[in-house]
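Asks: My questions will all concern the structure given below.
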Amino acid sequence: MSKHALHSAAHEKCGISHEESEAATKMRPSIYERIGKEEGFYALSALFYDRVFDDEAAWFRNIFSSSTKSEAIDNQYRFFVQIFGGPDLYRQKKGKYTRLAGRHANYNIGTGAAYRWVQHMENAIEAHDKLQDDEEAREALKKYFSFTAHYIVAATEYMRPDQLSGGTSIDAGRVW
């Protein structure tokens, strides 16, 4: 499936175009600056994963069972810092950029999980102190995350085994 077809599939599910979602990565000042740099993204990831790990639905929590909460927070915040205008913390830890769709392809995620993930992220965004007075950044982040969650679901449906780069079990020796 082409990137254009994947973008269309994500747009169909969430109503946000790829171009609208990418606006969050091009804002000036950057979202990295607006949210409070590393500390701000760490707080957003902590707010998000507090919600995820407390979710009442076992099927949803189980998607995240191959990571501890602290591992999940660390990986996500590093990725966010890098994507939204900060230093390449994710690349420093992983050694290279890991494709989002490939990274998530081994996990049992579908449209229902994407909607639930987005709801937790939107709630975390709304609860974030640094974003309270920045509607432009809040809305840009919501669009980015909604599109990206649905893009990942669409893309994972078409992944070949050689394109996978995620895992489904805990590996104590791994570098996440």
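Asks: Can you classify the range 1-57 as rounded, prolate or oblate using the Cα gyration tensor, where a ≥ b ≥ c are the square roots of its eigenvalues, rounded means a/c under 1.5, and otherwise it's prolate if a/b beats b/c and oblate if not?
Replies: Since a/c reaches 1.5 but b/c is at least a/b, the shape of the range 1-57 is classed as oblate.
Asks: Continuing with the same structure: At Phe53 and Ser8, where each label point lies 7 Å from the Cα along Cα→Cβ, what is the point-to-point distance in nanometres?
Replies: Using points 7 Å along Cα→Cβ, the separation is 4.2 nm.
Asks: If each of Tyr115 and Ser17 carries a label point 7 Å out from its Cα toward its Cβ, how far apart are those two points in nm?
Replies: 2.5 nm
Asks: Straight-line reach from Lys69: which aspartates and glutamates fall under 14 Å, measuring Cα to Cα and dropping same-chain residues less than 8 apart?
Replies: Within the straight-line limit of under 14 Å, Lys69 reaches these aspartates and glutamates: Asp50, Asp54, Asp55.
Asks: Here is a follow-up. Using the structure shown, list the pairs from Lys37/Lys142; Lys37/Lys93; Lys93/Lys142; Lys3/Lys26 with a Cα-Cα distance above 24 Å, or answer none.
Replies: Long pairs (Cα-Cα over 24 Å): Lys93/Lys142.
Asks: ³J(HN,Hα) across the range 6-11 via Karplus (A = 6.51, B = -1.76, C = 1.60, θ = phi - 60°), whole Hz, x for Gly/Pro?
Replies: Taking θ as phi minus 60°, the curve returns 5, 4, 5, 5, 5, 4 Hz for the range 6-11.
Asks: Let me ask something else. Could you tell me the calculated FRET efficiency between Lys69 and Ser30, based on Cβ-Cβ distance and R0 = 41 angstrom, to the nearest 0.05?
Replies: The pair Lys69/Ser30 has a calculated efficiency of 0.95.
Just so you know, all these numbers are worked out from the coordinates, no wet-lab data involved. Being a predicted model, the structure only gives us computed values, none of them experimental. Glycine gets a Cβ as well: all are built from the backbone with ideal geometry, and neighbour counts include every protein chain shown.
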